[in-house]
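**Q** First, the structure itself, so that you have it in front of you.
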Amino acid sequence: MKVGKKASSIMLAAVLTASSLYAVPVQFVQTAEAAQSKAGDPGSKAFDQKVIARVDAARMMEDVSYLSETIGPRVAGTEAEKQAADFIRKRLETYGYTVETQEFSIPDKMAGDLHTSDLKEILITIPSGSGSTPEEGITSELYDAGLGRPADFTREASGKIALISRGEITFSEKVTNAVNAGASGVLIYNNADQPAPMNPSIGGPYDIPVGSITKASGEALLQDVAAHNKTVTLIVKSFKNIRSQNIIATKHPKPNKGAETDIVHISAHFDSVPFAPGASDNASGTAVALELARVLKSYPADKELRFAFVGAEEIGLLGSEYYVSQLSSNEIGRSIANFNMDMVGTAWENATAIYMNTLDGQANIATETAIATAGRIGTSSELVLYQRGASDHVSFHDAGIPAVNFIRREPATAALEPYYHTPLDSIEHISAERMKEAGDLIGASVYSLIRK
(Lines give C-alpha, C1' and ligand atoms only; values in the text may rest on other atoms or scores of the structure.)
Protein backbone atom coordinates (compact mmCIF):
# COMPACT_ATOMS: atom_id res chain seq x y z
CA MET A 1 0.00 0.00 0.00
CA LYS A 2 1.17 3.51 -0.65
CA VAL A 3 2.14 5.79 2.19
CA GLY A 4 1.19 9.43 1.77
CA LYS A 5 3.59 12.27 2.44
CA LYS A 6 2.97 14.34 5.55
CA ALA A 7 4.30 17.60 6.88
CA SER A 8 7.85 17.43 8.18
CA SER A 9 7.84 16.63 11.88
CA ILE A 10 10.54 15.65 14.36
CA MET A 11 9.39 14.15 17.63
CA LEU A 12 12.06 13.61 20.26
CA ALA A 13 11.23 11.32 23.14
CA ALA A 14 13.09 9.11 25.58
CA VAL A 15 11.17 6.41 27.40
CA LEU A 16 11.95 6.51 31.11
CA THR A 17 9.61 3.70 32.14
CA ALA A 18 7.60 0.96 30.48
CA SER A 19 4.54 3.23 30.62
CA SER A 20 3.55 5.84 28.05
CA LEU A 21 5.27 8.66 29.93
CA TYR A 22 7.97 10.46 27.96
CA ALA A 23 10.66 13.01 28.76
CA VAL A 24 12.83 14.97 26.36
CA PRO A 25 16.53 15.23 27.26
CA VAL A 26 17.57 18.89 27.25
CA GLN A 27 20.77 18.22 25.32
CA PHE A 28 18.82 16.46 22.60
CA VAL A 29 16.34 19.31 22.27
CA GLN A 30 19.22 21.70 21.78
CA THR A 31 20.67 19.46 19.11
CA ALA A 32 17.37 19.42 17.24
CA GLU A 33 17.08 23.20 17.46
CA ALA A 34 20.58 23.53 16.09
CA ALA A 35 19.65 21.22 13.24
CA GLN A 36 16.62 23.33 12.39
CA SER A 37 18.72 26.51 12.40
CA LYS A 38 21.12 24.93 9.91
CA ALA A 39 18.38 23.61 7.65
CA GLY A 40 19.04 26.36 5.15
CA ASP A 41 22.82 25.85 5.02
CA PRO A 42 23.49 25.36 1.28
CA GLY A 43 26.84 23.66 1.95
CA SER A 44 25.35 20.92 4.13
CA LYS A 45 22.41 20.45 1.79
CA ALA A 46 24.74 20.02 -1.17
CA PHE A 47 26.50 17.13 0.56
CA ASP A 48 23.15 15.59 1.50
CA GLN A 49 21.98 15.76 -2.09
CA LYS A 50 25.02 13.81 -3.28
CA VAL A 51 23.54 10.85 -1.37
CA ILE A 52 19.82 11.48 -1.76
CA ALA A 53 19.99 11.94 -5.52
CA ARG A 54 21.49 8.48 -5.93
CA VAL A 55 19.44 6.36 -3.48
CA ASP A 56 17.25 4.23 -5.76
CA ALA A 57 13.96 2.91 -4.35
CA ALA A 58 13.39 0.54 -7.29
CA ARG A 59 16.77 -1.10 -6.77
CA MET A 60 16.02 -1.64 -3.08
CA MET A 61 12.63 -3.17 -3.87
CA GLU A 62 14.31 -5.58 -6.29
CA ASP A 63 16.62 -6.73 -3.51
CA VAL A 64 13.71 -7.17 -1.10
CA SER A 65 11.97 -9.24 -3.76
CA TYR A 66 14.99 -11.47 -4.29
CA LEU A 67 15.59 -12.05 -0.59
CA SER A 68 11.95 -12.61 0.42
CA GLU A 69 10.43 -14.18 -2.69
CA THR A 70 13.22 -15.88 -4.63
CA ILE A 71 15.02 -17.16 -1.52
CA GLY A 72 12.17 -16.92 1.01
CA PRO A 73 12.48 -17.73 4.73
CA ARG A 74 16.15 -17.47 5.73
CA VAL A 75 16.37 -19.34 9.03
CA ALA A 76 19.76 -19.25 10.78
CA GLY A 77 21.99 -22.13 9.80
CA THR A 78 19.95 -23.17 6.76
CA GLU A 79 20.93 -23.25 3.11
CA ALA A 80 18.55 -20.35 2.48
CA GLU A 81 20.44 -18.15 4.93
CA LYS A 82 23.68 -19.08 3.18
CA GLN A 83 22.12 -18.20 -0.18
CA ALA A 84 21.31 -14.74 1.17
CA ALA A 85 24.88 -14.35 2.44
CA ASP A 86 26.29 -15.35 -0.95
CA PHE A 87 23.99 -12.87 -2.70
CA ILE A 88 25.15 -10.05 -0.42
CA ARG A 89 28.83 -10.98 -0.76
CA LYS A 90 28.75 -11.09 -4.56
CA ARG A 91 26.93 -7.77 -4.75
CA LEU A 92 29.46 -6.04 -2.49
CA GLU A 93 32.35 -7.47 -4.50
CA THR A 94 30.92 -5.94 -7.67
CA TYR A 95 31.01 -2.58 -5.89
CA GLY A 96 34.74 -3.00 -5.28
CA TYR A 97 34.69 -3.47 -1.51
CA THR A 98 37.12 -5.55 0.48
CA VAL A 99 34.74 -8.33 1.59
CA GLU A 100 35.20 -10.83 4.41
CA THR A 101 33.01 -13.82 5.29
CA GLN A 102 32.94 -14.64 9.00
CA GLU A 103 31.63 -18.10 9.88
CA PHE A 104 30.58 -18.97 13.42
CA SER A 105 28.87 -21.83 15.22
CA ILE A 106 25.27 -21.63 16.39
CA PRO A 107 23.40 -23.89 18.85
CA ASP A 108 22.09 -27.27 17.74
CA LYS A 109 18.49 -27.10 16.59
CA MET A 110 15.46 -29.28 15.98
CA ALA A 111 13.37 -29.21 12.83
CA GLY A 112 10.42 -31.24 11.67
CA ASP A 113 7.80 -32.10 9.07
CA LEU A 114 4.19 -33.09 9.54
CA HIS A 115 1.82 -34.41 6.91
CA THR A 116 -1.44 -36.29 6.79
CA SER A 117 -2.03 -39.63 5.09
CA ASP A 118 -3.10 -37.82 1.93
CA LEU A 119 0.27 -35.94 1.99
CA LYS A 120 -1.14 -32.59 3.05
CA GLU A 121 1.74 -30.60 4.60
CA ILE A 122 1.10 -28.89 7.94
CA LEU A 123 3.27 -26.06 9.27
CA ILE A 124 5.07 -27.16 12.41
CA THR A 125 7.75 -25.87 14.76
CA ILE A 126 9.81 -28.12 17.00
CA PRO A 127 10.54 -26.71 20.47
CA SER A 128 13.81 -27.19 22.28
CA GLY A 129 13.58 -30.29 24.45
CA SER A 130 11.70 -32.41 21.92
CA GLY A 131 12.82 -35.92 21.18
CA SER A 132 13.71 -36.95 17.63
CA THR A 133 12.24 -39.66 15.40
CA PRO A 134 13.70 -42.30 13.10
CA GLU A 135 14.63 -40.86 9.70
CA GLU A 136 11.31 -42.00 8.21
CA GLY A 137 9.41 -40.49 11.14
CA ILE A 138 6.52 -42.02 13.05
CA THR A 139 3.12 -42.63 11.48
CA SER A 140 0.25 -42.89 13.90
CA GLU A 141 -3.37 -42.16 14.63
CA LEU A 142 -4.14 -39.04 16.63
CA TYR A 143 -5.63 -38.95 20.10
CA ASP A 144 -7.71 -35.94 21.19
CA ALA A 145 -6.19 -35.10 24.57
CA GLY A 146 -8.11 -31.89 25.14
CA LEU A 147 -6.03 -29.56 27.33
CA GLY A 148 -3.56 -32.30 28.18
CA ARG A 149 -4.57 -32.73 31.82
CA PRO A 150 -4.15 -36.17 33.42
CA ALA A 151 -7.91 -36.74 33.28
CA ASP A 152 -7.88 -36.04 29.51
CA PHE A 153 -5.93 -39.25 28.82
CA THR A 154 -7.33 -42.79 28.70
CA ARG A 155 -5.75 -46.10 27.75
CA GLU A 156 -6.53 -45.32 24.11
CA ALA A 157 -3.80 -42.65 24.14
CA SER A 158 -1.04 -45.28 24.35
CA GLY A 159 0.96 -45.49 21.12
CA LYS A 160 -0.84 -42.55 19.51
CA ILE A 161 0.17 -38.95 18.87
CA ALA A 162 -1.58 -36.76 21.44
CA LEU A 163 -3.27 -33.67 20.00
CA ILE A 164 -3.39 -31.08 22.80
CA SER A 165 -4.80 -27.55 22.98
CA ARG A 166 -2.89 -24.68 24.54
CA GLY A 167 -4.35 -23.39 27.79
CA GLU A 168 -4.95 -23.93 31.55
CA ILE A 169 -1.70 -25.79 32.38
CA THR A 170 1.90 -25.32 31.24
CA PHE A 171 3.29 -26.80 28.04
CA SER A 172 5.71 -28.88 30.11
CA GLU A 173 2.84 -30.40 32.12
CA LYS A 174 0.96 -31.24 28.94
CA VAL A 175 3.92 -33.11 27.47
CA THR A 176 4.73 -34.88 30.73
CA ASN A 177 1.13 -36.07 31.04
CA ALA A 178 1.24 -37.38 27.47
CA VAL A 179 4.47 -39.26 28.19
CA ASN A 180 2.93 -40.79 31.32
CA ALA A 181 -0.05 -41.92 29.25
CA GLY A 182 2.21 -43.75 26.79
CA ALA A 183 1.73 -41.38 23.82
CA SER A 184 4.20 -41.80 20.97
CA GLY A 185 4.32 -38.07 20.23
CA VAL A 186 2.68 -34.72 21.01
CA LEU A 187 1.20 -31.98 18.83
CA ILE A 188 0.25 -28.78 20.69
CA TYR A 189 -2.06 -26.40 18.84
CA ASN A 190 -2.68 -22.75 19.64
CA ASN A 191 -5.93 -21.49 21.15
CA ALA A 192 -5.61 -18.14 19.31
CA ASP A 193 -5.60 -17.47 15.59
CA GLN A 194 -2.04 -16.87 14.38
CA PRO A 195 -0.69 -17.49 10.86
CA ALA A 196 2.37 -19.40 12.12
CA PRO A 197 2.88 -21.98 14.86
CA MET A 198 4.05 -20.75 18.25
CA ASN A 199 7.33 -21.85 19.82
CA PRO A 200 6.35 -23.22 23.24
CA SER A 201 8.78 -23.72 26.10
CA ILE A 202 8.38 -27.38 27.10
CA GLY A 203 11.43 -28.02 29.26
CA GLY A 204 12.67 -31.55 28.80
CA PRO A 205 14.49 -33.18 27.18
CA TYR A 206 11.82 -35.75 26.32
CA ASP A 207 12.16 -39.12 24.61
CA ILE A 208 9.15 -38.53 22.34
CA PRO A 209 8.82 -35.96 19.52
CA VAL A 210 6.90 -32.76 20.25
CA GLY A 211 5.62 -30.24 17.71
CA SER A 212 3.60 -27.05 17.68
CA ILE A 213 0.94 -26.21 15.08
CA THR A 214 -1.58 -23.42 14.52
CA LYS A 215 -5.12 -23.30 15.86
CA ALA A 216 -6.51 -23.80 12.35
CA SER A 217 -4.34 -26.89 11.80
CA GLY A 218 -5.28 -28.31 15.20
CA GLU A 219 -8.98 -27.88 14.59
CA ALA A 220 -8.68 -29.48 11.14
CA LEU A 221 -6.90 -32.49 12.67
CA LEU A 222 -9.61 -32.77 15.34
CA GLN A 223 -12.13 -33.33 12.57
CA ASP A 224 -9.94 -36.16 11.27
CA VAL A 225 -9.87 -37.70 14.75
CA ALA A 226 -13.66 -37.58 14.89
CA ALA A 227 -13.93 -39.16 11.44
CA HIS A 228 -11.35 -41.92 12.20
CA ASN A 229 -10.12 -41.63 8.63
CA LYS A 230 -6.54 -40.33 8.76
CA THR A 231 -3.16 -40.85 10.28
CA VAL A 232 -0.30 -38.37 10.39
CA THR A 233 3.43 -38.76 9.90
CA LEU A 234 5.68 -36.73 12.19
CA ILE A 235 9.39 -36.36 11.43
CA VAL A 236 11.70 -34.62 13.89
CA LYS A 237 15.42 -34.29 13.25
CA SER A 238 18.24 -32.92 15.35
CA PHE A 239 20.80 -30.78 13.52
CA LYS A 240 24.24 -30.48 15.11
CA ASN A 241 27.43 -28.57 14.32
CA ILE A 242 25.60 -25.97 12.27
CA ARG A 243 27.03 -22.61 11.33
CA SER A 244 25.92 -19.16 10.27
CA GLN A 245 27.88 -16.32 8.70
CA ASN A 246 28.43 -12.57 8.54
CA ILE A 247 29.42 -10.63 5.43
CA ILE A 248 31.67 -7.63 6.14
CA ALA A 249 32.54 -4.94 3.59
CA THR A 250 35.12 -2.25 4.35
CA LYS A 251 35.76 1.10 2.69
CA HIS A 252 39.10 2.59 3.67
CA PRO A 253 39.81 6.34 3.53
CA LYS A 254 41.73 7.47 0.44
CA PRO A 255 44.47 8.37 0.76
CA ASN A 256 44.99 7.35 4.37
CA LYS A 257 48.78 6.90 4.17
CA GLY A 258 48.57 4.14 6.74
CA ALA A 259 47.09 6.37 9.44
CA GLU A 260 44.40 4.96 11.72
CA THR A 261 41.03 6.68 11.49
CA ASP A 262 37.66 6.58 13.19
CA ILE A 263 35.28 3.81 12.12
CA VAL A 264 31.56 4.08 11.38
CA HIS A 265 29.56 0.81 11.20
CA ILE A 266 26.34 0.23 9.23
CA SER A 267 24.61 -3.05 10.12
CA ALA A 268 21.56 -5.14 9.20
CA HIS A 269 20.64 -8.79 9.71
CA PHE A 270 19.56 -10.94 6.77
CA ASP A 271 18.11 -14.01 8.50
CA SER A 272 14.41 -14.50 9.26
CA VAL A 273 12.21 -16.64 11.49
CA PRO A 274 10.70 -19.94 10.25
CA PHE A 275 7.85 -19.63 7.70
CA ALA A 276 8.31 -15.84 7.36
CA PRO A 277 9.56 -14.53 4.00
CA GLY A 278 11.12 -11.76 6.08
CA ALA A 279 10.41 -8.91 3.65
CA SER A 280 10.23 -6.27 6.37
CA ASP A 281 12.24 -8.24 8.95
CA ASN A 282 14.78 -7.81 7.62
CA ALA A 283 15.13 -7.83 3.85
CA SER A 284 14.17 -4.15 4.02
CA GLY A 285 17.07 -3.19 6.28
CA THR A 286 19.44 -5.38 4.25
CA ALA A 287 18.34 -3.79 0.98
CA VAL A 288 18.82 -0.26 2.32
CA ALA A 289 22.30 -1.16 3.61
CA LEU A 290 23.22 -2.64 0.23
CA GLU A 291 22.04 0.50 -1.52
CA LEU A 292 24.06 2.71 0.81
CA ALA A 293 27.10 0.56 0.10
CA ARG A 294 26.61 1.30 -3.60
CA VAL A 295 26.02 5.03 -3.12
CA LEU A 296 28.85 5.69 -0.66
CA LYS A 297 31.53 3.53 -2.27
CA SER A 298 33.03 6.23 -4.51
CA TYR A 299 32.80 9.34 -2.31
CA PRO A 300 35.98 10.52 -0.58
CA ALA A 301 36.02 10.04 3.18
CA ASP A 302 38.42 10.61 6.05
CA LYS A 303 36.95 7.79 8.16
CA GLU A 304 36.69 4.05 7.69
CA LEU A 305 33.23 2.74 6.79
CA ARG A 306 32.24 -0.85 7.55
CA PHE A 307 29.08 -2.64 6.48
CA ALA A 308 28.20 -5.60 8.70
CA PHE A 309 25.53 -7.87 7.21
CA VAL A 310 24.95 -10.36 10.01
CA GLY A 311 23.26 -13.75 10.33
CA ALA A 312 21.54 -15.48 13.24
CA GLU A 313 19.99 -12.32 14.69
CA GLU A 314 16.65 -14.01 15.25
CA ILE A 315 18.10 -16.63 17.59
CA GLY A 316 19.85 -14.22 19.93
CA LEU A 317 21.86 -11.56 18.04
CA LEU A 318 24.57 -14.17 17.50
CA GLY A 319 25.96 -12.72 14.28
CA SER A 320 26.49 -9.21 15.59
CA GLU A 321 27.86 -10.58 18.87
CA TYR A 322 30.44 -12.55 16.91
CA TYR A 323 31.31 -9.60 14.67
CA VAL A 324 31.92 -7.28 17.61
CA SER A 325 33.88 -9.99 19.46
CA GLN A 326 36.32 -10.11 16.55
CA LEU A 327 37.09 -6.37 16.76
CA SER A 328 40.36 -5.55 18.46
CA SER A 329 40.42 -3.17 21.41
CA ASN A 330 42.03 -0.67 19.04
CA GLU A 331 39.17 -1.02 16.53
CA ILE A 332 36.57 -0.66 19.26
CA GLY A 333 38.32 2.44 20.52
CA ARG A 334 38.24 3.94 17.02
CA SER A 335 34.55 3.06 16.46
CA ILE A 336 32.45 6.20 16.84
CA ALA A 337 28.99 5.02 15.72
CA ASN A 338 26.79 2.13 14.63
CA PHE A 339 23.74 2.71 12.45
CA ASN A 340 21.63 -0.47 12.57
CA MET A 341 18.56 -0.97 10.37
CA ASP A 342 15.73 -3.40 11.13
CA MET A 343 12.22 -3.36 9.61
CA VAL A 344 12.59 0.08 8.04
CA GLY A 345 10.40 -0.63 5.00
CA THR A 346 7.02 -1.70 6.37
CA ALA A 347 3.98 -0.27 4.61
CA TRP A 348 1.75 -0.71 7.67
CA GLU A 349 -0.27 2.51 7.79
CA ASN A 350 0.09 2.99 11.55
CA ALA A 351 3.90 2.83 11.48
CA THR A 352 4.30 6.53 10.73
CA ALA A 353 7.33 7.04 12.98
CA ILE A 354 10.96 6.06 12.63
CA TYR A 355 12.02 4.92 16.09
CA MET A 356 15.66 5.40 17.05
CA ASN A 357 16.16 2.69 19.66
CA THR A 358 19.12 2.95 22.00
CA LEU A 359 19.75 0.46 24.77
CA ASP A 360 19.85 3.13 27.49
CA GLY A 361 17.27 5.46 25.95
CA GLN A 362 19.86 8.22 25.69
CA ALA A 363 20.98 10.26 22.71
CA ASN A 364 24.39 9.60 21.17
CA ILE A 365 26.39 10.73 18.15
CA ALA A 366 24.35 8.49 15.82
CA THR A 367 20.94 9.73 16.98
CA GLU A 368 22.07 13.35 17.11
CA THR A 369 23.49 13.11 13.60
CA ALA A 370 20.21 11.65 12.35
CA ILE A 371 18.21 14.45 13.98
CA ALA A 372 20.48 17.06 12.42
CA THR A 373 20.14 15.40 9.02
CA ALA A 374 16.35 15.14 9.31
CA GLY A 375 16.22 18.88 9.97
CA ARG A 376 18.25 19.65 6.87
CA ILE A 377 16.57 17.29 4.40
CA GLY A 378 13.01 17.60 5.74
CA THR A 379 12.41 13.98 6.70
CA SER A 380 8.63 13.59 6.67
CA SER A 381 8.27 10.88 9.33
CA GLU A 382 8.53 11.54 13.04
CA LEU A 383 11.77 10.51 14.73
CA VAL A 384 11.34 9.01 18.19
CA LEU A 385 14.20 8.31 20.60
CA TYR A 386 13.24 5.17 22.50
CA GLN A 387 14.76 2.84 25.06
CA ARG A 388 14.80 -0.61 23.52
CA GLY A 389 17.17 -3.49 22.75
CA ALA A 390 16.11 -6.56 20.75
CA SER A 391 18.28 -5.92 17.69
CA ASP A 392 21.92 -5.90 16.66
CA HIS A 393 22.68 -2.42 18.01
CA VAL A 394 22.82 -4.12 21.44
CA SER A 395 26.06 -5.92 20.56
CA PHE A 396 27.74 -2.65 19.58
CA HIS A 397 26.44 -0.82 22.65
CA ASP A 398 27.69 -3.56 24.95
CA ALA A 399 31.18 -3.07 23.50
CA GLY A 400 31.05 0.66 24.22
CA ILE A 401 30.26 1.79 20.65
CA PRO A 402 27.49 4.44 20.35
CA ALA A 403 24.70 2.59 18.55
CA VAL A 404 21.14 3.13 17.35
CA ASN A 405 18.56 0.85 15.77
CA PHE A 406 16.28 2.45 13.17
CA ILE A 407 12.89 0.70 13.02
CA ARG A 408 9.34 1.71 12.07
CA ARG A 409 6.67 1.63 14.76
CA GLU A 410 3.33 3.17 15.61
CA PRO A 411 3.79 6.46 17.49
CA ALA A 412 2.94 6.49 21.22
CA THR A 413 2.16 2.74 21.40
CA ALA A 414 5.49 1.70 19.81
CA ALA A 415 3.60 -1.22 18.21
CA LEU A 416 5.20 -3.17 15.38
CA GLU A 417 3.40 -4.15 12.20
CA PRO A 418 0.85 -6.99 12.58
CA TYR A 419 2.78 -9.09 10.02
CA TYR A 420 5.82 -9.30 12.32
CA HIS A 421 7.29 -12.84 12.48
CA THR A 422 4.47 -14.36 10.41
CA PRO A 423 4.08 -15.76 6.87
CA LEU A 424 2.40 -12.43 6.03
CA ASP A 425 5.73 -10.57 6.25
CA SER A 426 5.85 -10.44 2.47
CA ILE A 427 6.68 -7.89 -0.20
CA GLU A 428 3.13 -6.62 -0.63
CA HIS A 429 3.53 -5.05 2.80
CA ILE A 430 6.69 -3.12 1.84
CA SER A 431 6.72 0.59 0.97
CA ALA A 432 9.27 1.76 -1.60
CA GLU A 433 8.70 5.33 -0.41
CA ARG A 434 9.60 4.47 3.19
CA MET A 435 12.69 2.56 2.13
CA LYS A 436 13.78 5.60 0.15
CA GLU A 437 13.18 7.77 3.23
CA ALA A 438 15.33 5.47 5.37
CA GLY A 439 18.07 5.40 2.75
CA ASP A 440 18.08 9.20 2.47
CA LEU A 441 18.12 9.77 6.23
CA ILE A 442 20.72 7.19 7.20
CA GLY A 443 22.84 7.62 4.09
CA ALA A 444 23.10 11.39 4.47
CA SER A 445 23.72 10.99 8.21
CA VAL A 446 26.59 8.57 7.69
CA TYR A 447 28.08 10.68 4.90
CA SER A 448 28.03 13.74 7.15
CA LEU A 449 30.24 11.78 9.60
CA ILE A 450 32.72 10.18 7.20
CA ARG A 451 33.20 12.75 4.45
CA LYS A 452 36.46 14.65 4.07
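**Q** Going highest first, how would you order 272-284, 243-255 by mean Cβ packing within 10 Å? Before the final figure, lay out the partial values.
**A** Details: 272-284: 28.0, 243-255: 19.2.
Top of the packing list down: 272-284, 243-255.
**Q** With only Lys, Arg, Asp and Glu charged, each at its Cβ (+1 for the first two, -1 for the last two), find how big the charge dipole of the range 109-239 is about the Cα centre; round to the nearest 20 debye. All intermediate terms of the calculation are to be shown ahead of the outcome.
**A** Numbers: 10 positive and 15 negative charges, 47 e Å.
In total the dipole reaches around 220 debye.
**Q** Restricting to the range 109-239, compute how many DSSP beta bridges are antiparallel as a %, nearest 5. Don't skip to the end; give the middle numbers.
**A** Values: 14 of 26 bridges.
Within the range 109-239, antiparallel bridges account for around 55 percent of the total.
**Q** Would you report the distance distribution of C-alpha pairs in the range 109-239 as whole percents per 10 angstrom bin, up to the bin with the largest distance?
**A** In order of increasing distance, the bins hold 14, 52, 33, 2 percent.
**Q** Counting DSSP beta bridges with both partners in the chain, what percentage is antiparallel, nearest 5? If you can, show how the numbers build up before the last one.
**A** Details: 36 of 70 bridges.
Antiparallel bridges make up about 50 percent of those DSSP assigns within the chain.
**Q** For the ranges 200-207, 430-437, what's the packing order if you count other beta-carbon atoms within 10 Å of each residue, average per peptide, and put the highest first? Each step should come with its number before you reach the end.
**A** Numbers: 200-207: 15.8, 430-437: 22.2.
Top of the packing list down: 430-437, 200-207.
**Q** Here's something else I'd like to know. If you wrap the chain's Cα atoms in a convex hull and average its projection over all directions, what's the area in nm²? Show your work: numbers first, answer last.
**A** Numbers: hull surface 91.5 nm².
Averaged projected area of the chain's Cα convex hull equals 22.9 nm².
**Q** With every protein chain present, what is the per residue accessible area of the chain (1.4 Å probe, Å²)? Mind dumping the intermediate values first?
**A** Numbers: 18510 Å² over 452 residues.
Ligands and nucleic acids excluded, the result is 41 Å² per residue.
**Q** Among the listed pairs Lys120/Lys174; Lys82/Lys215; Lys109/Lys160; Lys160/Lys240; Lys297/Lys452; Lys174/Lys240, which have their C-alpha atoms separated by more than 22 angstrom in this model?
**A** Details: Lys120/Lys174 26 Å; Lys82/Lys215 32 Å; Lys109/Lys160 25 Å; Lys160/Lys240 28 Å; Lys297/Lys452 14 Å; Lys174/Lys240 27 Å.
Going by Cα-Cα distance, Lys120/Lys174; Lys82/Lys215; Lys109/Lys160; Lys160/Lys240; Lys174/Lys240 fall outside the 22 Å limit.
**Q** Determine the gain in length on full extension of the stretch Thr101-Gln223; use 0.36 nm per residue of separation and subtract their C-alpha separation, reporting nm with one decimal. It would help to have the intermediate numbers written out before the result.
**A** Details: separation 122, 0.36 × 122 = 43.92 nm, distance 4.97 nm.
Extending this stretch completely gives an extra 38.9 nm.
**Q** Towards the positive end of the charge dipole of the chain, with charges on Cβ (+1 Lys, Arg; -1 Asp, Glu), say which of Ala259, Leu222, Asn340 has the farthest Cα.
**A** With unit charges placed on the Cβ atoms, the residue in question is Ala259.
**Q** Cβ neighbours within 10 Å, averaged per peptide: list 221-228, 291-298 in order, most packed at the top.
**A** Details: 221-228: 13.1, 291-298: 19.5.
Per-residue Cβ counts within 10 Å, averaged per peptide and sorted highest first, yield 291-298, 221-228.
The values are calculated or read from the model by the stated rules, or taken from the named source; none is laboratory data. Everything numeric here is computed off the predicted structure, so don't read it as measured data. Cβ: placed from backbone, ideal geometry, glycine included. Neighbour counts: every protein chain shown. Remember, those area values only see protein heavy atoms, side chains included, never the ligands or the DNA or RNA. Shrake-Rupley method; radii C 1.70, N 1.55, O 1.52, S 1.80 Å.
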